[in-house]
1. Got a number for residues in the stretch 114-140 being closer than 14 Å to Ser93 by Cβ and in contact with a Leu (Cβ under 8 Å, 6 or more places away or on another chain)?
2. State yes or no: is Phe85 hydrophobic (A, V, I, L, M, F, W, C), closer than 19 Å to Asn43 by Cα and in contact with a strand residue (DSSP E or B) (Cβ under 8 Å, 6 or more places away or on another chain)?
3. Scan the stretch 50-59 residue by residue and report those that are over 15 Å from the mean Cα position of the chain (by Cα) and open to solvent by less than 50 Å² (accessible area, probe 1.4 Å).
4. Mind checking which residues of the stretch 88-115 are part of a strand (DSSP E or B) and open to solvent by 20 Å² or more (accessible area, probe 1.4 Å)?
5. How many residues are under 14 Å from Ala115 (Cβ atoms), assigned to a loop (DSSP other than H, G, I, E, B) and either β-branched (Val, Ile, Thr) or free of Cβ contacts under 8 Å to residues at least 40 places away in the same chain (or both) if we restrict to the stretch 50-87?
6. Which residue is nearest to the chain's Cα centre (by Cα), if the candidates are limited to the stretch 134-153 and must be aliphatic (A, V, I, L, M) and open to solvent by less than 30 Å² (accessible area, probe 1.4 Å)?
7. Select, from Val130, Val156, the only residue that is more than 19 Å from Leu46 (Cα to Cα), in contact (Cβ under 8 Å) with a residue 24 or more places away in the chain and open to solvent by 60 Å² or more (accessible area, probe 1.4 Å).
8. For Pro37, only one of the following conditions fails: (1) modelled with pLDDT of 50 or more; (2) in a loop (DSSP other than H, G, I, E, B). What is its number?
Amino acid sequence: GPMGGMASMGMGSMGGMGSMAGMQSMGAPSMYSTGMPSKAVQNVVLLDKMRGKGMHVTGHFTRENAHTALNLVIENGGTVPLSAFALQLNKNSFGLAPSMPLQITQVMPAQSVHAALPLTPGGILSPPPVSPAIQIALKNNVDVFYFQDNIPLWTVLVED
């Protein structure tokens, strides 16, 4: 009957996914990502749950409307609500600093919250050599956590 046909179709599409993965391992799609930076930047794990005492942080630097920003997703993998968030950047080669406080008030257990933090140059410059690494301090009601991420140059360069 029609149900049998559906099942075999399902199997076929699984096989298709397998061959896609095989193609990807050959590196064909990645050739395209070496040119212009894609604006769809992947979130990277900045702080894992173990180091974050239950707080899991992913994020990336981005640039929109000629402004650099740090996009963060804070996930609460612990048992207590997280609150009292504050974020600071260490002095860096671009003089970037948050232009406003982190707009997250509370993250309940098993909840995740996204925040985009606008960054503006004008902070303290770190001494040369220029480094893309930016050290970040994130405080909550549990502790202060330190991590770093490399900022892509296209997010800080001024457009013509």
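The values are calculated or read from the model by the stated rules, or taken from the named source; none is laboratory data. Fair warning: this is a prediction, and the values are worked out from it, not measured in the lab. Reconstructed Cβ throughout: ideal geometry from the backbone, glycine too, with neighbour counts over all protein chains shown. Heads up: the accessible areas ignore ligands, DNA and RNA and are worked out on the full protein's heavy atoms, side chains in. Shrake-Rupley method; radii C 1.70, N 1.55, O 1.52, S 1.80 Å.
1. Result for the stretch 114-140: 6.
2. no
3. Gly52, Gly54
4. Listed by number, the residues that qualify are Gln88, Leu89, Ala97, Pro98, Gln106, Ser112, Val113, His114.
5. Selection size over the stretch 50-87: 0.
6. Ile151
7. The unique qualifying residue is Val130.
8. Answer for Pro37: the failing condition is (1).
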